[in-house]
There are 2 protein chains.
Amino acid sequence: MRGEGWLSAVGLLAWLCCCRPGPVAGGKVLVMPVDGSHWLSMQILVQELARRGHEMVVLVPDTSLLIGGSHHYRTEIFPVPYSAAQLAASVESLKEGAFQKSLAFSDVLVNVQRLLNFTNMQVQGCEALLYNQPLMQRLRDQRFQLMLTDPFLPCGSIIAQAFALPAVYFLRGIPCGLEDKAAQNPSPPSFVPRFFTGHSDRMDFLQRVRNVVMTVVEEKLCRTLFASFDELSSRYLQEDITYRELLGHGAIWLLRYDFTFEFPRPIMPNMIHIGGINCGKRSPLPTELQKFVNESGEHGFIVFTLGSVVSQMPVEKAKLFFEAFRQIPQRVLWRYTGPTPDDLPENVKLMKWLPQNDLLGHPKARAFITHGGTHGIYEGICNGVPMVMMPLFGDQGDNVHRMAVRGVAEVISIFELTTETLLQALNKVINDTSYKENMLKLSAVHKDRPIEPLDLAVFWTEFVMRHKGADHLRPAAHHLNWVQYHCLDVIGLLVIIVVTVVVVTVKCCAFCFRKCCMRKSLKKKED
Amino acid sequence: MRGEGWLSAVGLLAWLCCCRPGPVAGGKVLVMPVDGSHWLSMQILVQELARRGHEMVVLVPDTSLLIGGSHHYRTEIFPVPYSAAQLAASVESLKEGAFQKSLAFSDVLVNVQRLLNFTNMQVQGCEALLYNQPLMQRLRDQRFQLMLTDPFLPCGSIIAQAFALPAVYFLRGIPCGLEDKAAQNPSPPSFVPRFFTGHSDRMDFLQRVRNVVMTVVEEKLCRTLFASFDELSSRYLQEDITYRELLGHGAIWLLRYDFTFEFPRPIMPNMIHIGGINCGKRSPLPTELQKFVNESGEHGFIVFTLGSVVSQMPVEKAKLFFEAFRQIPQRVLWRYTGPTPDDLPENVKLMKWLPQNDLLGHPKARAFITHGGTHGIYEGICNGVPMVMMPLFGDQGDNVHRMAVRGVAEVISIFELTTETLLQALNKVINDTSYKENMLKLSAVHKDRPIEPLDLAVFWTEFVMRHKGADHLRPAAHHLNWVQYHCLDVIGLLVIIVVTVVVVTVKCCAFCFRKCCMRKSLKKKED
């Protein structure tokens, strides 16, 4: 062996060329966002990555709600087959019904369908992008290192697969819990409540029955809901692949929640929790607002918003709010673009848009009236402001429940709302100190973390660029089918073996017994 | 509502007194370590916590292998009912057989029994401590904020429960995968290999059969193995509690591995991975050693150790190593306290103890011959040195397999060892550059992390002190029994409902059919 024995310089050189982690800065990232509020927090990560020297290219439909240009990143605008008016109508259809009927367990299908109707238009836009040959070729030629996408819609994952790019997902969740199924994350229905059930993690027997039924229904529902995603993926990628399988190729899942909001449950090593990423930075309030809230006196003020897409409501409904606000000593800042009543209460300020996080961070903020979107919820948690919650659609029904069981919020149905119920709820969260105390505890736990959510998101995005994926975190479960994953084939074999052994043993015993008896009876006869 | 509506100063004051996170420094921590190599890495955390201003009190048996005093922490020495000679004999019994028979699947019981024989003595020591009334009273009076313990042995968890202290666990694992069972962590047998099976996470059908069988056997084995722990816990705490249930009260599990070593699998939110915590710091080599390795020339040197408890081996076995080392161009540093042969090869340096991590960090380190303990493995990974592995007992058989499937190590059986097999293995890991390349890749992934393992361990320990636990990470599964967790009661109900519906439907159909037929036949007769 002597003489041949030392690590060849060639080997080391080869490693230096192929395996050494790439530079932290200077990556090239393709970003496929989802329009609406989803974009608001993803934008924070995109801007931070750009600030750290990465070239960020954001794919933007030429008709969009909130996605726009910025000097932080480059955009690639693609034409979509719908007009601004059609998009606005689609948003209206999402809101439709929200003020008319309260959400119930039986509404799961309605709830999911409303969401999908809203997203259908964006899927059409996605298809237009995929089959836009010149643009796709131009993108392919840019040799990106990574796809950063929100897998609520399929376009990003499909492009990642087509371009052979590792994908980082940025999301709150996907209907049907598809993210858990795709990431091979166990979700025991005994303590992981299914979406749209309104259950907590502590269920009684009947709730567990509903949760198990929902788990079975979800499987069927998933197939129906994502049939168009499956079809588009298979058609475009020219391979027989479901959307769930496609999502399974993702390297890292950046999940916009943590366990101060979500119930503790099993996770996978490539799931990174970045809840609160949207409330890291606070800006000073505009002078006029600053004056309004500073002069709110000992009673402080209330912030009232219903999310990025809902700034109006039926006049009759709005009247109930105005009536209630007239009776409280707090000032109210309300994002409302509906008709202003002639007798607008003095303590109410209506605004087209308001700096929610900055306002909630003001020491005089006493309560937050919100629809229960996760962005707003985390701004409430970060700033320790108790909430009055009115879920409208989507995951909001579940979100508000998560806050209510922690004793930091009161939930009321906007459908059944009266001035009295609103006053009662506000009175509780403002004057029953337990709400504020619980919220401050929750806020303290949420903010006590070894690394800030934005830094964590940046780290894992850059990690995937440096190592061309995160293969060491990819579970082998991806190589198993459903029967193998649950070891049903093994259980089948073991049952056959046990049954065979039992049958053979019984037969043998019976045979011996008969032989024995026959001998005895023969002997008796002989005697 | 006007007039009553503002957050009372009393409420805020109450929160400031009861809920505000406590100070980071100045905590008071009781430490119950496990003797032997387990202590070596826990000591690092204990010293770091002391350095950060926490008062650390370590419980030390008056007869111990490696746990000793330090100026970093205070010790409470407790008498144990065994002598140094008896302890040495118990260590010998652990090593017994390691050089005589290779580990096989069927040896799982032998393997576990050897481990437990070794720990039995420490359990006796634990019992002596628990019933040492004056010492226990003195400890109780000190009003600690936290118990830091290795749950490989039950003493720490029992004291934590008795003193109502939140517990932070520091461990590699517990036989039977008890840590997963206790933390309610799902372990699907289809891709999570059971200990002592030697499987990887990619199993063929027969391996899955063995893994499922092992899962069932483990349940039974666990009950037998931990019967004495269960009995001691119940007896001392005066409540009907199993050791598994007791462990379930732990706030945080600091696990001494990550997914560069372990196969990716589901985890729980209160499981924190701190693999590599033992190789964070490197010291300069003593002058003599520095000279020896610097002068090893282009061929470099090999580090050879078999862990903290094995520094000798049968003379015949040692001879095989000396013969092999004589034939290689590398220098060899061997921790060996057996008889030195007259013809000791020139290139071999025998030492009673060697600075393993510092040596492996030297650029001329070419290979690491190790038994496959996790400390050594992580020192190999951190420093990017490929390994020749010879498992002796405990988890080592599984550990070495995890390295071999990653192409960074050759495994040989010390029982079947010959000079040729050793030379072949050394030749491979030194001259086949793929081993070094794979190891450097693995090392790069391992060291690319958002926060150092020691800082992470400190953070979570302090977190538990600040918040008196980590309740927000505790899954509701702890409130379910086995039947409820697996929803067997729900499935039972659903099966009954389905069967009832089917039977009733069939009966109804049959009834209608009969009625129908009877009418027809009656009609025919009437006709």
Residues of the stretch A:252-267 being over 12 Å from the mean Cα position of the chain (by Cα) and under 21 Å from A:Leu146 (Cα atoms), which ones?
A:Ile252
Scan the stretch A:427-446 and give yes if some residue there is away from chain B (no Cβ under 11 Å) and assigned to a loop (DSSP other than H, G, I, E, B), otherwise no.
no
Within the stretch A:175-209, count every residue that is of a type in the set (Gly, Ala, Ser), outside any loop (DSSP other than H, G, I, E, B) and surrounded by fewer than 21 Cβ atoms within 10 Å (Cβ to Cβ).
1
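Looking only at residues in the stretch B:210-235 that are of a type in the set (Lys, Arg) and over 25 Å from B:Ser413 (Cβ atoms), which one is least open to solvent (accessible area, probe 1.4 Å)? First the steps, then the outcome.
Of the stretch B:210-235, the ones of a type in the set (Lys, Arg) are B:210, B:220, B:223, B:235.
From what is left, the residues that are over 25 Å from B:Ser413 (Cβ atoms) are B:220, B:223, B:235.
Details: B:Lys220: 131, B:Arg223: 149, B:Arg235: 87 Å².
Only one residue tops the list, namely B:Arg235.
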Do you know which of the residues in the stretch B:332-350 that are crowded, with 17+ Cβ neighbours inside 10 Å and under 33 Å from the mean Cα position of the chain (by Cα) is nearest to B:Gly300 (Cα to Cα)?
B:Val332
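Based on what the data block shows, is B:Ala409 closer than 19 Å to B:Cys382 by Cβ and among the small types (Gly, Ala, Ser)? Spell out how you get there, then give the answer.
Numbers: closer than 19 Å to B:Cys382 by Cβ: yes; among the small types (Gly, Ala, Ser): yes.
When the stated conditions are applied, B:Ala409 passes them.
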When A:Pro329 is run through (1) within 14 Å of another protein chain (Cβ to nearest Cβ); (2) assigned to a helix (DSSP H, G or I); (3) touching a Phe, Trp or Tyr at 6+ places or on another chain (Cβ under 9 Å), the failure sits at (2)
In the stretch B:373-389, which residue that is modelled with pLDDT of 95 or more and part of a loop (DSSP other than H, G, I, E, B) is surrounded by the fewest Cβ atoms within 10 Å (Cβ to Cβ)?
B:Gly384
Restricted to the stretch B:460-506 and to residues being within 9 Å of chain A (Cβ to nearest Cβ), open to solvent by 60 Å² or more (accessible area, probe 1.4 Å) and closer than 30 Å to B:Leu254 by Cβ, the residue nearest to the chain's Cα centre (by Cα) is B:Arg474
With (1) within 8 Å of chain B (Cβ to nearest Cβ); (2) within 19 Å of A:Tyr243 (Cα to Cα) as the list, and A:Glu179 as the residue in question, which single condition is left unmet?
(1)
If I go through the stretch B:303-317 residue by residue, how many of them are farther than 28 Å from B:Thr119 by Cβ and either small (Gly, Ala, Ser) or assigned to a helix (DSSP H, G or I) (or both)?
2
Residue pairs meeting the criteria (Cβ under 7 Å; at least 6 apart or on separate chains; first under 11 Å from A:Arg406 (Cβ atoms), in the stretch A:419-448; second of a type in the set (Phe, Trp, Tyr))
none
In the set A:Leu94, A:Leu87, A:Leu30, A:Leu45, which member is in a helix (DSSP H, G or I), open to solvent by less than 20 Å² (accessible area, probe 1.4 Å), away from chain B (no Cβ under 14 Å) and modelled with pLDDT of 95 or more?
A:Leu45
Scanning the stretch B:447-459 for residues that are open to solvent by less than 30 Å² (accessible area, probe 1.4 Å) and more than 8 Å from every other protein chain (Cβ to nearest Cβ), the one farthest from A:Phe463 (Cα to Cα) turns out to be B:Val458
Taking B:Phe415 as meeting all but one of (1) of a type in the set (A, V, I, L, M, F, W, C); (2) closer than 25 Å to B:Asn278 by Cβ; (3) more than 14 Å from every other protein chain (Cβ to nearest Cβ), write down the number of the exception.
(2)
Scanning the stretch B:291-312 for residues that are of a type outside the set (Gly, Ala, Ser) and open to solvent by less than 20 Å² (accessible area, probe 1.4 Å) gives B:Val293, B:Phe301, B:Ile302, B:Val303, B:Phe304, B:Thr305, B:Leu306, B:Val310
Assuming A:Glu288 fulfils every condition listed in (1) outside any strand (DSSP E or B); (2) more than 29 Å from A:Phe170 (Cβ to Cβ); (3) open to solvent by less than 30 Å² (accessible area, probe 1.4 Å) apart from one, which condition is it?
(3)
Report, by residue number, each residue of the stretch B:403-424 that is farther than 13 Å from B:His371 by Cα and not aliphatic (A, V, I, L, M).
B:Arg406, B:Gly407, B:Glu416, B:Thr418, B:Thr419, B:Glu420, B:Thr421, B:Gln424
Note: among B:Arg366, B:Arg402, just one is in contact (Cβ under 8 Å) with a residue 60 or more places away in the chain and either part of a strand (DSSP E or B) or closer than 24 Å to B:Val91 by Cα (or both), namely B:Arg366
Could you grab me the full set of residues in the stretch B:230-270 that are part of a loop (DSSP other than H, G, I, E, B), away from every other protein chain (no Cβ under 12 Å) and among the basic types (Lys, Arg)?
B:Arg256
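Could you go through the stretch A:74-82 and let me know if any residue there is among the hydroxyl-bearing types (Ser, Thr, Tyr), loosely packed, with under 15 Cβ neighbours inside 10 Å and either touching an Asp or Glu at 6+ places or on another chain (Cβ under 8 Å) or without any contact (Cβ under 8 Å) to a residue 60 or more places away in the chain (or both).
Taking the stretch A:74-82 first, the residues among the hydroxyl-bearing types (Ser, Thr, Tyr) are A:75, A:82.
Within this subset, residues satisfying the condition of being loosely packed, with under 15 Cβ neighbours inside 10 Å are none.
No: the stretch A:74-82 contains no residue that is among the hydroxyl-bearing types (Ser, Thr, Tyr), loosely packed, with under 15 Cβ neighbours inside 10 Å and either touching an Asp or Glu at 6+ places or on another chain (Cβ under 8 Å) or without any contact (Cβ under 8 Å) to a residue 60 or more places away in the chain (or both).
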Do we have any residue at all in the stretch A:116-123 that's surrounded by fewer than 19 Cβ atoms within 10 Å (Cβ to Cβ), modelled with pLDDT of 80 or more and part of a helix (DSSP H, G or I)?
yes
Filter pass, B:Gln161 being open to solvent by 30 Å² or more (accessible area, probe 1.4 Å), away from chain A (no Cβ under 14 Å) and within 26 Å of B:Asn278 (Cβ to Cβ):
no
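Would you say B:Leu103 is surrounded by 15 or more Cβ atoms within 10 Å (Cβ to Cβ), modelled with pLDDT under 90 and assigned to a helix (DSSP H, G or I)? Full working, then the answer.
Working: surrounded by 15 or more Cβ atoms within 10 Å (Cβ to Cβ): yes; modelled with pLDDT under 90: yes; assigned to a helix (DSSP H, G or I): no.
No, not satisfied.
For the stretch B:65-94, which residues satisfy the criterion of being within 24 Å of B:Lys28 (Cα to Cα) and under 24 Å from the mean Cα position of the chain (by Cα)? Quick ask: steps written out before the conclusion?
Our first condition is that a residue be within 24 Å of B:Lys28 (Cα to Cα); within the stretch B:65-94, this holds for B:66-79.
Of everything in the stretch B:65-94, those that are within 24 Å of B:Lys28 (Cα to Cα) and under 24 Å from the mean Cα position of the chain (by Cα) turn out to be B:Leu66, B:Ile67, B:Gly68.
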Please list, ordered by first then second residue, the pairs with beta carbon atoms under 9 Å, 6 or more apart or interchain, first in the stretch B:17-43 and hydroxyl-bearing (Ser, Thr, Tyr), second in a loop (DSSP other than H, G, I, E, B) and modelled with pLDDT of 90 or more.
B:Ser37/B:Gly373; B:Ser41/B:Arg172; B:Ser41/B:Arg256; B:Ser41/B:Ile274
Output the qualifying pairs, or none if there are none: Cβ atoms under 8 angstrom, residues six or more apart or on different chains, first residue in the stretch B:501-527 and acidic (Asp, Glu), second residue in a helix (DSSP H, G or I) and at pLDDT 75 or above.
none
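The values are calculated or read from the model by the stated rules, or taken from the named source; none is laboratory data. The model shown is predicted, which means the values in this text are computed figures rather than measured ones. As a convention, Cβ positions derive from the backbone with ideal geometry for all residues, glycine included, and neighbour counts pool all protein chains shown. The area values use the complete protein model at the heavy-atom level, side chains included, leaving out ligands, DNA and RNA. Shrake-Rupley method; radii C 1.70, N 1.55, O 1.52, S 1.80 Å.
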